[in-house]
Amino acid sequence: GMPDAVRIYEVGPRDGLQAEKQLIATDVKLEFIRRLLAAGLRTIELTSFVSPKWVPQLADAADVVAGVDLDSARHPVLVANERGLDRALASGVREIAVFASATESFAKNNLNRSVDEALTMFELVVRRSRDAGVAVRGYISMCFGDPWEGPVSLAKVVHVAERLIDMGVTSLSLGDTIGVGTPGHVLALVERLEAAGIPRGVLAMHFHDTYGQALANVHAALTAGITEFDASAGGIGGCPYAQSATGNLATEDLVWMLTGLGYHTGVNLEHLVEASVWMAKHLRRPSSSRVVRAMAST
Ligand code: HMG
Ligand code: MG
């Protein structure tokens with residue numbers, strides 16, 4: 001049945017901004033994060049300690065983390081390799097996320113590795129993090145479809161999920177990176193993972209709204225007992241290494257539906273919409289979120 005409480009995992013400052021071509025000033029990122037906190041979000045992914053050659057927009061990761069009160073909320077950051085882990089640990093973060101792929105094409109494009117090479121790269125990162133008392137989320141991208149390979153089998157996702165759980169990640173975020181998933185597929189994936197010994201309680205869902213399915217997929221996942229959902233304020237973002245990975249599920253749209261279902265999200269929707277409208281001005285394009293557009297005073 002439906003869970004009693006759900007957690008919103010805000011990815012706007014990281015996933016939302018990583019693909020922006022125009023460099024955004026660190027102060028603007030910090031103000032965005034402050035506004036998200038003020039709106040009541042309590043898990044906010046801050047940035048990525050990845051290669052600045054690969055993701056120039058997040059080259060200021062250390063400055064962003066230094067500008068945030070790490071006690072104000074949960075503040076995970078993305079890490080791909082040991083170099084990134086060293087930088088992340090030096091910044092003082094207590095939570096990281098590694099990011100695997102269910103498909104070979106995306107592993108190559110996003111990490112310059114095969115699926116298994118990338119998992120091998122993460123092994124030491126996860127072990128050292130856990131030894132340091134740092135929690136590790138494991139993302140899996142392309143869980144439903146892949147822009148180069150088409151539909152992705154449940155077996156591929158289960159394989160990567162098992163590897164990540166075995167190496168010690170504390171939660172798994174299942175990414176529909178290009179937004180092609182539908183509710184029946186979501187339920188089938190959750191059931192297949194459970195059959196493989198991976199309980200629903202460790203799962204989070206990361207939907208993109210490319211095909212307008214994100215909220216339907218969230219609802220399906222809720223009926224399956226999933227309690228953590230990724231979303232991006234204003235619906236900003238996508239992945240620089242996956243064509244057609246536009247449109248993260250907007251946090252406002254998620255909050256609207258959850259509130260209607262009777263969940264207390266702790267988020268002040270008016271303040272969140274204001275934060276997204278403010279950020280949209282810096283990005284020089286309107287928010288794609290239906291709720292932002294409906295609620296923003298014009
Ligand atoms: P590579 O080119 O194979 O690695 O990339 P490399 O070791 O040859 O490094 C390349 C250069 O970067 C070198 O510099 C390194 O020193 C440097 P050079 O020697 O040429 O001067 N470098 C670093 N610098 C700072 N910090 C580091 C670091 N690592 C290397 N940590 C690598 C391999 C993994 C580094 C690269 O592929 C990479 O950084 N990829 C990150 C891509 C990324 O961030 N993608 C977006 C996140 S995933 C996503 O958005 C999906 C998600 O939202 C869920 C979903 O929707 O599906 C999570
Ligand atoms: Mg994403």
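The values are calculated or read from the model by the stated rules, or taken from the named source; none is laboratory data. Note that the structure is a prediction, hence the values are computed from the model and not measured. FYI the Cβ positions are ideal-geometry reconstructions off the backbone, even for glycines, and counts take in every protein chain you see. Note: accessible area is taken over every heavy atom of the protein model, side chains too, but ligands, DNA and RNA are not part of it. Shrake-Rupley method; radii C 1.70, N 1.55, O 1.52, S 1.80 Å.
Descriptive notes on the structure:
- Temperature 20 °C, viscosity 1.002 mPa s: under these conditions the Stokes-Einstein estimate for region 102-157, based on its Kirkwood radius over C-alpha pairs, is 175 µm² per second.
- Amide H contacts for residue 101 (H built 1.01 Å from N in the peptide plane; partners 5 or more residues away or on another chain; cut-off under 5 Å): 141.
- Based on C-alpha pairs under 8 angstrom that are at least 6 apart in sequence, region 1-157 has a relative contact order of 18 percent.
- The chain: radius of gyration over Cα atoms, expressed as a fraction of 2.2 N^0.38 Å: 0.91
- Using 0.36 nm per residue and subtracting the Cα-Cα separation, the extra length available between residue 54 and residue 261 on full extension is 70.5 nm.
- Residues in region 49-80 that a label on residue 135 would reach, taking backbone N under 20 Å of a point 7 Å out along Cα→Cβ: 49, 65-66, 68-80
- FRET efficiency for the pair residue 148 and residue 271, taken as 1/(1 + (r/R0)^6) with r the Cβ-Cβ distance and R0 = 35 Å, rounds to 0.30.
- Translational diffusion of region 119-236, µm² s⁻¹ [Kirkwood Rh, Cα pairs; Stokes-Einstein; 25 °C; 0.890 mPa s]: 169
- What a 1.4 Å probe finds exposed on the chain is 51% carbon and sulfur by accessible area, rounded to a whole percent.
- Translational diffusion of region 21-127, estimated by Stokes-Einstein from the Kirkwood radius over alpha carbon pairs at 10 °C in a medium of 1.306 mPa s, is 109 µm² per second.
- For the chain, the Cβ-based charge dipole about the Cα centre amounts to some 360 debye (Lys, Arg positive; Asp, Glu negative; other atoms uncharged).
- Per residue, in Å², the accessible surface of the chain once ligands and nucleic acids are set aside, probe 1.4 Å: 41
- In the chain, a dipole from Cβ-located charges (positive for Lys and Arg, negative for Asp and Glu) runs towards its positive end, and of 52, 201, 70 it is 52 whose Cα lies farthest in that direction.
- FRET efficiency, 1/(1 + (r/R0)^6) with R0 51 Å, evaluated for residue 120 and residue 284 via beta carbons: 0.80
- A dipole drawn for region 150-298 from +1 and -1 charges on Cβ atoms has a positive end, and of 164, 190, 153 the residue lying farthest that way is 153.
- Cα centroid separation - region 266-298 against region 1-64, whole Å: 16
- In a simple Cβ point-charge model (Lys, Arg +1; Asp, Glu -1; nothing else charged), region 58-188 has a dipole of about 140 debye relative to its Cα centre.
- Unit charges at the beta carbon, dipole of region 109-254: most positive-side option, 247, 234, 136: 136
- Rounded to 5, the percent of DSSP beta bridges in the chain classed as antiparallel: 10
- Placing a label point 7 Å from the Cα of residue 25 along the Cα-to-Cβ direction, the residues of region 278-298 with a backbone N closer than 18 Å are 278-285.
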